[in-house]
Amino acid sequence: MDWGDYAPAVRRWEHLLGRPAPHPTQPGQHGGPVLAPAFVEHLMGLPRGWVTAIPLPRTAQLRALGNGVIPQQAAYAISLLLDDLAFVLRSDSSCGYSSDDAAA
């Protein structure tokens with residue numbers, strides 16, 4: 001597969017995931033190329049077969065992937081939220097506020 005200008009990025013992602021990128025398209029119902037769910041699954045960094053091993057039509061697999069969350073983004077978002085929570089809890093304790101006060 002010739003990835004053109006995207007080859008360096010594809011190779012880096014293949015290296016990080018430890019597996020080659022699947023072909024980005026597959027033959028559609030009328031013979032033309034359509035987006036392959038396995039490629040989307042790979043781009044999202046999901047384990048091979050996470051969605052594509054489920055016996056669903058291609059469009060349902062793509063819908064599930066499109067409504068999914070990229071694990072790396074979710075982990076980063078949670079780390080930011082936890083940092084904010086830690087800051088708020090430190091601020092509250094320095095103001096003399098405690099969680100017991102909220103219950104009263």
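What follows is calculated from the coordinates using simple rules that are stated; it is not laboratory data. Note that the structure is predicted; figures quoted are calculated from it, not measured. Cβ: placed from backbone, ideal geometry, glycine included. Neighbour counts: every protein chain shown.
Using the Karplus curve 6.51 cos²θ - 1.76 cosθ + 1.60 with θ = phi - 60°, work out ³J(HN,Hα) for each residue of segment 81-90 in order, rounded to whole Hz, and write x for Gly and Pro.
5, 5, 4, 4, 4, 4, 5, 5, 5, 5
Okay, helix-only estimate at 222 nm for the chain: each DSSP H run of n ≥ 4 adds -39500 (n - 2.57), divide by all residues, round to 500 deg cm²/dmol; what do you get?
-16500 deg cm²/dmol
Please sort by residue number the trypsin sites (Lys or Arg not before Pro) in segment 45-85 whose DSSP state is loop and whose Cβ has at most 16 other Cβ atoms within 10 Å.
The qualifying sites are Arg48.
May I ask you to order 31-44, 67-80 by the average number of other C-beta atoms within 10 Å around their residues, highest value first?
31-44, 67-80
Using only the Cα atoms of segment 1-68, each taken as one equal point scatterer with no solvent, compute I(q) by the Debye sum, divide by I(0), and report log10 of the ratio at q = 0.19, 0.24, 0.27 Å⁻¹.
With one equal scatterer per Cα and no solvent, log10 I(q)/I(0) is -0.78, -1.10, -1.24.
With charges only on Cβ, +1 for K and R and -1 for D and E, what is the dipole size of segment 8-76 about its Cα centre, in debye, rounded to 20?
Dipole about the Cα centre, nearest 20: 60 debye.
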